[in-house]
Every structure is written in structure tokens, then in C-alpha cells.
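K.L.:
Below is the structure I would like to discuss, written out as C-alpha cells.
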Amino acid sequence: IVFWFIERYIIDLEYLFSTVLKSQKPGFIFIIFFISETLLGLIPPDLFILWTKQFPHPYNAITILALLSYVGGYVSYGIGKLLYKIPKIHNFVERRIGDNIRDLRRWGGLFIVIAALFPLPYSMISMAVGIIRYPRTPFLLLGLTRIARFYIYAFVLFGII
């Protein structure tokens with residue numbers, strides 16, 4: 001809805017992004033996207049989804065983006081697990097949220113799915129569930145909803161813009 005409003009009343013986003021991104025090779029854009037999806041998700045993936053519209057078969061590029069985002073989330077999860085091993089972070093987590101970790105683990109799946117489907121920083125949530133040592137297999141299974149998000153958003157964005 002936000003992109004539709006901006007596109008309709010403020011600026012032609014498709015032109016802006018295609019102009020900026022067309023000057024770069026797709027491999028470079030995919031690397032930038034992966035870095036963003038791994039380290040705090042600073043660039044909204046929707047911008048990259050719009051970028052794929054320029055390709056003759058945009059859903060092939062959507063598939064690459066979706067897989068890169070999924071893997072980026074898993075790398076963020078691993079970073080979170082590593083961060084927990086740092087004594088200062090471990091002590092901080094235990095001191096601040098130690099009593100709530102059990103509840104966070106129980107409801108962590110909901111956070112993963114919400115972050116995967118909605119415009120929330122998925123990598124930050126992935127890192128957080130890694131820090132609280134959320135089990136890996138459920139994380140990976142629930143994280144698959146991230147892939148669905150890319151196809152849903154592409155369908156919506158391509159239909160509106």
C-alpha cells in the first residue's frame with residue numbers, strides 16, 4: 001500500500017529504481033541484496049522485487065532473491081548463536097531477559113513467521129532467535145515462509161505498478 005501511494009502520488013519508483021539499478025550488473029545487485037538480508041536488512045526487499053520487473057522472466061529473479069533472503073536469514077541466525085557465546089552478550093541476555101527466554105522460545109515461531117511475511121527486519125529477528133538459542137530445525141521450517149513472501153509481494157507489486 002505504501003509503495004502504491006508513493007508510486008501514484010509522489011515519485012515514479014519504477015523509473016527511479018530501474019535507472020539506478022540498470023547501471024549495475026545483476027550479480028552485483030544480488031550480492032548487495034544478500035549482504036542487506038544478512039546484516040540487519042537495511043534495504044527493503046520490496047525495492048529489489050521491483051527491480052526484477054525489468055527481466056523477461058522476473059519470477060526467476062524473484063526465486064533467486066527469495067532463496068538469498070532465506071539463506072541470509074539463516075546466516076543471521078548463526079550470527080546470533082555466535083553472539084550469544086560472547087560473555088558480555090551472554091551475560092546481558094541472561095540478566096535482561098533470562099526469565100523470559102522460555103516464553104520467547106515458545107512464541108519464537110510466531111515472531112519468525114511474522115518477520116518473514118511482513119515488512120519487518122527479518123535478519124534482526126533471525127539474529128534474535130539465534131541469540132535466544134531457538135531450535136534450528138523449526139527456525140528453518142518456519143523461515144520458508146520468507147520465500148512465500150517474495151512471490152506474494154511480487155504478485156501484488158507487479159499487479160499494481
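K.L.:
If a helix is a whole DSSP H run, which ones in the chain reach 30 Å or further along their own axis (Cα) and hold a mean Kyte-Doolittle hydropathy of at least 0.0?
P.N.:
58-84
K.L.:
Where Lys and Arg each count +1 and Asp and Glu each count -1, what net charge lies around LEU104 among other residues with Cβ under 12 Å from its Cβ?
P.N.:
+3
K.L.:
Classify the stretch 69-128 from the C-alpha gyration tensor, please: rounded if a/c falls under 1.5, else prolate or oblate depending on whether a/b exceeds b/c.
P.N.:
oblate
K.L.:
When you count, for each residue, the other Cβ atoms within 10 Å and take the mean per peptide, how do 37-45, 88-96 rank with the highest first?
P.N.:
37-45, 88-96
K.L.:
Here's a follow-up. Using modelled amide H (1.01 Å from N, peptide plane; none on Pro or chain starts), what sits under 5 Å from the amide H of ARG133, excluding residues fewer than 5 places away?
P.N.:
Correct list: empty.
K.L.:
Of the options LEU120, TYR84, ASN60, report the single residue whose Cα projects farthest towards the positive end of the charge dipole of the stretch 46-122 (beta-carbon charges: Lys, Arg +1; Asp, Glu -1).
P.N.:
Final value for the positive-end residue is TYR84.
K.L.:
Give me the net charge for the shell around SER69: Cβ to Cβ below 10 angstrom, other residues only, Lys and Arg +1, Asp and Glu -1.
P.N.:
Taking every Cβ under 10 Å from that of SER69, the sum is +1.
K.L.:
I would also like to ask the following. Heavy atoms only, probe 1.4 angstrom, no DNA, RNA or ligands counted: give me TYR9, TYR74 ranked by accessible area, highest first.
P.N.:
Final ranking, largest accessible area leading: TYR9, TYR74.
The values are calculated or read from the model by the stated rules, or taken from the named source; none is laboratory data. Owing to the predicted nature of the structure, the values given are computational and were not obtained by experimental measurement. All Cβ positions, even for glycine, are placed from backbone atoms using ideal geometry, and neighbour counts span all protein chains on display. Accessible surface is based on the protein model in full, side chains and every heavy atom, while ligands, DNA and RNA are left aside. Shrake-Rupley method; radii C 1.70, N 1.55, O 1.52, S 1.80 Å.
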